[in-house]
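Visitor: Before we start, here is the structure in question, set down as structure tokens.
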Amino acid sequence: MGAFAEVEGVLDHFEDKALIPIAERVFEGRSLSFEDGLILYRSRDLFALGSMADILSRMINGPYAYFVVNRHINPTNLCVNQCRFCAFCRRRGDEDAYELSIEEILQKAQEAAALGVREFHIVGGLHPEWPFEYYIEILRELKKAHPRVHIKAYTAVEVEHMARISGLSIEEVLIQLREAGLDSMPGGGAEVFSQRIRDALCPKKTSSQDWLNIHMVAHRLGIKTNCTLLYGHIETIEERLRHLILLREAQEEAPGFLAFIPLAFHPENTPIPARGTSGIDDLKTVAVSRLMLHNIPHIKAYWVMLGEKTAQVALTFGADDLEGTVVEEKITHMAGALSPQALPKRRLVHLIRRAGKIPVERDALYNCLRVYH
Amino acid sequence: MERIGEEEALALFDEDLLSLGRRAYEARRVLHPDNLVTFCVDRNINYTNICISRCCFCAFWRDKGDSEAFLLPKVEIFKKIEETINLGGTSILIQGGLHPDLEIGYFEDLFSSIKSRYPIHIHGLSPPEIWHIARKSGLTLEDTIRRLKAAGLDSIPGGGAEILSPRVRQRLSPNKVSVEGWLEVMETAHRLGLKSTATMMFGHIEGPGDIIEHLDRIRSLQDRTGGFTAFIPWTFQPLHTGLAHIEKATAVDYLRVLAISRIYLDNVPNVQASWVTQGAKIAQLALYFGANDFGSTMIEENVVAAAGATFRMSRDEIIRCIKDAGFTPAQRDTLYRVIRTF
């Protein structure tokens, strides 16, 4: 670990000396405790926090930061769950409810493929009537039309819904999805692993244990997945940390998480009386996530959620991925995100370079497609 | 802390962002050990967008005959001032284009009629405007500033500096007051007892050397006069300008230049975060990268808004943002005297 030589010098500059023993544990590759996490979150030494996370990020991923060119397809906004924090879901009869036909999905995919998209990111509501076969058909038709484009589809929440409506086991659902063309799974629907919060915000949604279990089943089947945390609403710092530790333990037990994505909550157009996260909270959360989740390879600063500016700065606070030139994102934008719908590749490369890292265009599994030296 | 030279400052452009931030944070703490972050409640009043300067980086100016050209009538300016006072404002920032017809009489009348009606601080007329007014009126700079001050001008905003490097200025704003002219206006004003701010607009065609040249000119003048209250760096907003093709400066670039400014300008007491160009999140972070002031609530802002900056913050949001960062928010007046803390 070449980073070690510089570590000594870095520790000398820590103003918050309580962080030094934690940093030493991090650089020895050991897990941090819940209490360590609290000390990290409560520290005002933003620079120490950032450099610890940055050093760990470089130990894991070298000087690289990634992006991907992908197309989000949200097949429907009809959803039986009606989570309180969601500004995307609609009920049958709502004027702006929509459901895409297979043809419409294929048309969006076709346009995106022509732009060189490497990945379809497919996430939607829990449709009240669509049968399991419809979800299968979406995958099958997409794969048939675009065999070389990676399909990252369906959160654990959708998978659980499919198991319920089909009467199949989680494992059987995942096997069938994979056979139809699913290559990996996104990390949404995790929210916060806390019964208190789920009762208050999303009582109908997949439980914490079921969410983790679905991902572990996927991992055991060889399906890579991502994981997330929705923060900045009614949760406490302690609940965030317990969430991170549960993810770390799941990864320990059945490895397969590729990336962790901290999702900053956008309160606009939702009934939750939160005010949106601050820049410092965003960066601390990125840094603490990197430090707590030493066994998950990538930390994503999702620019759609954070905004281009904070996402870029996050690359110096332990993040190593900006996600991508997302074509048409609806879920966060319905909740008031001000970020544009897409960032050109040129801009992503520039942002990464100016943050002092080497841009790498990746595929969905973090294979390098091109290094921008 | 020892003053750094130009060479050393140039090397900071390659330094790790967080180490640089820590240095700037230290420099700021030496000057402001009290943990306060100040802000001002005021309003930008742009009395005209008619401008003969036609700078290629600006999306605000119009020609005199243009359908969107305006010169605000006095009653409208008064109305804006009344709204400002009702919102707890202590100051107005009066700035506008270089109008082809307005001479000193217009401004003397405007300022004295404001002062006779309202107890408000007039922060007005950037150096290019003062230079232009002097020339239009056939007056020396000294007489111009003396008369404006007598009519009610209280302090001068540091706009129109862009980058104080002749090379850059020649390309960006050839019709605008020169580097020496800008500095001469400020030096004269300071000598006549008017405080001012200084700004820097970067992220266009300048290089690191030009930025350091700018900082050095400000620092040298400040050594002589002590008249600058604050330094305000902000990033060029390319939309709708003649330089729309330029890659917009990133947040990391902004934080870097902000930190370098704080470190280099050891004699300028305050450094402002620019939430107008950076948004609340990066402006909050800027408090760790050298800034100790959150600028103004800007009840109204038109110039960078014309170039695509869409950020908006209310007074309460500013207070919250400062508190969340671990500092004590304080409302100040235009001369950086604290009025109340929150």
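Visitor: So the label point goes 7 Å from the Cα of B:E15 along Cα→C-beta, right? Which residues of the range B:262-293 then have their backbone N under 15 Å from it?
Guide: B:262-266, B:288-291
Visitor: Another one. Ranking B:V30, B:V41 by Cβ neighbours within 10 Å, fewest first, what do you get? Before the final figure, lay out the partial values.
Guide: Values: B:V30 10, B:V41 21.
Ranked by crowding around the Cβ, least crowded first: B:V30, B:V41.
Visitor: Rounded to the nearest 0.05, what FRET efficiency do A:A114 and A:V371 have when you use their Cβ-Cβ distance and R0 = 25 Å?
Guide: So the FRET efficiency works out to roughly 0.50.
Visitor: Other chains' Cβ within 10 Å of B:277-289 residues: what's the mean?
Guide: Values: counts 0, 2, 6, 4, 14, 6, 2, 7, 10, 1, 3, 8, 3.
So the per-residue partner count for this stretch is 5.
Visitor: Still on this structure: Towards the positive end of the charge dipole of the protein assembly as shown, with charges on Cβ (+1 Lys, Arg; -1 Asp, Glu), say which of A:F14, A:G276, B:Q278 has the farthest Cα.
Guide: So the residue furthest toward the plus end is B:Q278.
Visitor: Follow-up question, since we're still on this one. Modelled label-to-label distance, A:R220 and B:R167, 7 Å Cα→beta-carbon offset: nm?
Guide: So the two model labels end up 6.6 nm from each other.
Visitor: Here's something else I'd like to know. Work from the charge dipole of the range B:142-217 (Cβ charges, +1 for Lys and Arg, -1 for Asp and Glu, about the Cα centre) and give the residue of B:M200, B:I163, B:H190 farthest towards its positive end.
Guide: B:H190
Visitor: Let me know the mean shielding of A:47-55 by other chains, meaning the per-residue number of their Cβ atoms within 10 Å of its Cβ. Mind showing how you got there, number by number?
Guide: Numbers: counts 10, 2, 1, 6, 6, 1, 1, 3, 0.
Mean number of neighbouring Cβ atoms from other chains: 3.
Visitor: Greater than 25 Å separation of Cα atoms is the criterion. Which listed pairs, B:K74/B:K248; B:K80/B:K281; B:K64/B:K136, meet it?
Guide: Values: B:K74/B:K248 37 Å; B:K80/B:K281 29 Å; B:K64/B:K136 16 Å.
Exceeds cut-off: B:K74/B:K248; B:K80/B:K281.
Visitor: Still on this model: Can you pull a Stokes-Einstein diffusion coefficient for the protein assembly as shown at 4 °C (1.567 mPa s), Rh from Kirkwood over Cα pairs, as a whole number of µm²/s? Working shown, then result.
Guide: Numbers: Rh = 27.3 Å.
For the chosen part, D equals 47 µm²/s.
Visitor: For B:I94, which sequence-distant residues (separation of 5 or more, or a different chain) have an amide H within less than 5 Å of its own amide H, given hydrogens modelled in the peptide plane?
Guide: B:I45, B:H123, B:G124, B:L125
Visitor: For every other residue with a beta carbon closer than 11 angstrom to the beta carbon of A:R30, add +1 if it is Lys or Arg and -1 if Asp or Glu, then tell me the sum.
Guide: Working: positive: A:R25; negative: A:E24, A:E28, A:D36.
Net charge around A:R30: -2.
Visitor: Please list, in order along the range A:263-274, the HN-Hα scalar couplings obtained from phi with the Karplus expression 6.51 cos²θ - 1.76 cosθ + 1.60 (θ = phi - 60°), rounded to whole Hz, x for Gly and Pro.
Guide: Here the 3J(HN,Hα) series is 9, 6, 5, 10, x, 4, 6, 10, x, 6, x, 10 Hz.
Visitor: Can you tell me what percent of all Cα-Cα pairs in the range A:242-309 are more than 13 Å apart?
Guide: Details: 1518 of 2278 pairs.
Taking all Cα-Cα pairs of the range A:242-309, the fraction more than 13 Å apart is 67 percent.
Visitor: Let me ask something else about it. Give the shape of chain A as rounded, prolate or oblate, defined through the alpha-carbon gyration tensor: a ≥ b ≥ c are the square roots of its eigenvalues, a/c under 1.5 means rounded, and otherwise the shape is prolate if a/b is larger than b/c and oblate if not. It would help to have the intermediate numbers written out before the result.
Guide: Working: a/c = 1.68, a/b = 1.45, b/c = 1.16.
In terms of gyration-tensor shape, prolate.
Visitor: Let me ask another. Rounded if a/c is under 1.5, else prolate if a/b is larger than b/c, else oblate: which is the range B:103-147, with a ≥ b ≥ c the root eigenvalues of its Cα gyration tensor?
Guide: prolate
Visitor: Take A:E137, project a point 7 Å from its Cα along the Cβ direction, then tell me which residues of the range A:79-115 have their backbone nitrogen under 13 Å from it.
Guide: Residues A:100-106 qualify, since their backbone N sits under 13 Å from the label point.
Visitor: Take the alpha-carbon centre of the range B:57-105, take the same for the range B:315-342, and report the distance between them in whole Å.
Guide: 27
Visitor: With a sphere of radius 9 Å drawn around the Cβ of B:N44, what net charge do the other residues whose Cβ falls strictly inside it have (Lys, Arg +1; Asp, Glu -1)? Kindly include the intermediate steps, with their values, before the conclusion.
Guide: Numbers: positive: B:R43; negative: B:D42, B:E300, B:E301.
Summing Lys/Arg as +1 and Asp/Glu as -1 gives -2.
Visitor: While we're on this one: Give me the percent relative contact order of the range A:58-371, please, defined on Cα pairs under 8 angstrom at least 6 residues apart.
Guide: Working: 622 pairs, mean separation 68.8, N = 314.
Reported as a whole number, the value is 22 percent.
Visitor: Quote the FRET efficiency, to the nearest 0.05, computed for A:D199 versus B:A244 with a Förster distance R0 of 41 Å and r equal to the Cβ-Cβ distance. Show your work: numbers first, answer last.
Guide: Working: r = 51 Å, r/R0 = 1.23.
Step by step, r from the Cβ atoms, then E = 0.20.
Visitor: I would also like to ask the following. Using all Cα-Cα distances in the range B:65-156, what percent lands in each 5 angstrom bin from 0 up to the longest?
Guide: 3, 13, 25, 25, 18, 11, 5, 1
Visitor: Hey, quick one: spin label on A:R92, modelled 7 Å out along Cα-Cβ, who in the range A:155-190 has an amide N within reach, i.e. under 20 Å?
Guide: Of the residues in the range A:155-190, A:158, A:161-167 have backbone N under 20 Å from the label point off A:R92.
Visitor: Length gain on complete extension for the stretch A:R148 to A:I39, per 0.36 nm per residue less the alpha carbon to alpha carbon distance? Kindly include the intermediate steps, with their values, before the conclusion.
Guide: Numbers: separation 109, 0.36 × 109 = 39.24 nm, distance 4.57 nm.
Between A:R148 and A:I39, full extension yields 34.7 nm more.
Visitor: Looking at the P(r) of the range A:146-238, how many percent of alpha-carbon pairs lie beyond 21 Å? Each step should come with its number before you reach the end.
Guide: On the way: 1425 of 4278 pairs.
Value for the range A:146-238 (Cα pairs over 21 Å): 33 percent.
Visitor: Just counting partner chain Cβ atoms within 10 Å, what average do the residues of peptide B:13-23 show around their Cβ? Write down the numbers at each step before the final one.
Guide: Values: counts 0, 1, 1, 7, 11, 14, 5, 1, 5, 9, 2.
Mean partner-chain Cβ count within 10 Å for B:13-23: 5.
Visitor: Same structure again: For every helix of n ≥ 4 consecutive DSSP H residues, a contribution of -39,500 (n - 2.57) applies; sum these over chain A, divide by its total residues, and give [θ] at 222 nm rounded to the nearest 500 deg cm²/dmol.
Guide: On the way: 16 runs with 169 residues, N = 373.
Taken over chain A, the calculation gives -13500 deg cm²/dmol.
Visitor: So how far apart, in nm, are the two label points at A:T236 and B:Y118 if each is 7 Å from Cα heading toward Cβ?
Guide: My value for the distance between the label points is 4.8 nm.
Visitor: In 10 Å bins starting at 0, how do the alpha-carbon pair distances of chain B split up by percent?
Guide: Percent of Cα pairs in each bin: 6, 27, 37, 25, 6, 0.
Visitor: Could you let me know the centre-to-centre spacing of the range B:245-295 and the range A:267-303, using Cα atoms, in angstrom?
Guide: Taking the Cα centre of the range A:267-303 as reference, the centre of the range B:245-295 is 22 Å away.
Visitor: When 1/r is averaged over all different Cα pairs and the result inverted, which Kirkwood radius in Å belongs to the range B:186-342? All intermediate terms of the calculation are to be shown ahead of the outcome.
Guide: Details: mean 1/r = 0.0612 Å⁻¹.
Taking every pair of different Cα atoms in the range B:186-342, averaging 1/r and inverting gives 16.3 Å.
Visitor: Further, regarding this structure: Using a 10 Å cut-off around each Cβ, can you sort B:D143, A:D16, A:D183, A:D96 from fewest to most neighbouring Cβ atoms? Working shown, then result.
Guide: Details: B:D143 14, A:D16 17, A:D183 20, A:D96 7.
Lowest count first: A:D96, B:D143, A:D16, A:D183.
Visitor: Further question on the same structure: Estimate the FRET efficiency between B:E180 and B:D143 by the formula 1/(1 + (r/R0)^6), using the beta-carbon distance for r and 25 Å for R0, to the nearest 0.05. Intermediate results must be reported in sequence, preceding the final value.
Guide: Working: r = 19 Å, r/R0 = 0.76.
E between B:E180 and B:D143, to the nearest 0.05, is 0.85.
Computed from the coordinates by the stated procedures, all read-outs in this text should not be read as laboratory data. Here the structure is a predicted model, which is why all the values come from computation and not from measurement. Glycine gets a Cβ as well: all are built from the backbone with ideal geometry, and neighbour counts include every protein chain shown.
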